[in-house]
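All remarks here apply to the structure that follows.
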């Protein structure tokens, strides 16, 4: 019995020791908690490190910039802080001349070099005592969506060249504002605008990085949105304004080798000058040549474009036995003399008779005497008097009277005063019909006198 009890006591002691050992071991939850806490601290430290580095770097840079803010060294320039209201702004002085083709020089509407000016908020010119360097860039045509933009938005809308292509803008892409003005000498697009989302470009100008130590903020400038076509299309472009010697298809609504072009060419109307001359002498004939395919709207557009033509200073003299007329390059009467009487732009002539004379001059245009000194032509009345007064005779006067009678403007009885004949003929002209005389060669608005 004693031995059995001994074994029972030993077993009891072992169980107690085992229970104590189990109770002394850490629980699974405490082990997992410690592990998670340790990893969290490591992750937090890793995440916090770059933030602390950035804060320290910014504080150091701020201290340095504050220390040297008023430094006079030209090699150390400060950028304006973001979200600062611009003090001045850049502006293109004039719009662009269109259309624009790749590889062609870009100019303003007056065919001059592009100019950028510095202005204040009221668009008043501003002059600074130091230069400002500018970058000229290409922008998306649909930027901006409103009247205002930030510098970051401007930069993000700059268009870069396509892969394998030359820089999108070539030429003077870096210019300097001096005395409030910067001139862009030569600049051109090297690629068309068909491949970007808006199908259009703008030309923008911004202050170059470190381009000014004025301590001011300058807002960027940009042109209107433009379509840039491939240079191959330049072969078919319309000229604005057209030139007298331009082929007639350069006019709006008249396509090269199109139906209108062929009709005009077959009637010996090959240049803009030919088109304008017939539009003055007989506009109805010109309309008939073009045919019903040209609507009234198209006719107005084509004629308006033609009348933008620069006429120059050439004049043409048409002579007859009893008259002399001075015409401009498109057959408009500038001055006339009939039977020794000088009729200036302020006086009226017998319109039917003058119309016949102009028509005759039109038909023999290549035989007319050409002069280039406009001032001399318009003031040489005395000289013309001397040329024709000496050759007049009673027989010529009879022929003149007969010519007027055939046109139905005088009675059969002879009238010796030819000036009275002309005046009488004019008085009987139906109301609303008259002849227009211009005192000088007009360049923009050509009025058909008939």
Does residue 121 meet the test of being on the phi < 0 side of the Ramachandran plot and part of a loop (DSSP other than H, G, I, E, B)? yes
Options 356, 342: the member that is outside the structural domain of residue 273 (by TED's automatic domain parsing), under 15 Å from residue 282 (Cβ atoms) and at pLDDT below 90: 356
From the set of residues in the stretch 217-234 that are more than 16 Å from residue 195 (Cα to Cα) and in a loop (DSSP other than H, G, I, E, B), which is modelled with the lowest pLDDT? 217
Do the conditions hold for residue 277, that is, is it outside the structural domain of residue 109 (by TED's automatic domain parsing), surrounded by 18 or more Cβ atoms within 10 Å (Cβ to Cβ), touching a residue at least 60 places away in the same chain (Cβ under 8 Å) and over 25 Å from residue 103 (Cα atoms)? yes
If you scan the stretch 235-259, which residues turn out to be under 28 Å from the mean Cα position of the chain (by Cα) and in a helix (DSSP H, G or I)? 235, 236, 248, 249, 250
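The values are calculated or read from the model by the stated rules, or taken from the named source; none is laboratory data. Because the structure is predicted, anything quoted here is derived from the model rather than measured. Because the Cβ atoms are built from the backbone with ideal geometry, glycine has one as well, and the counts that use them run over all protein chains shown.
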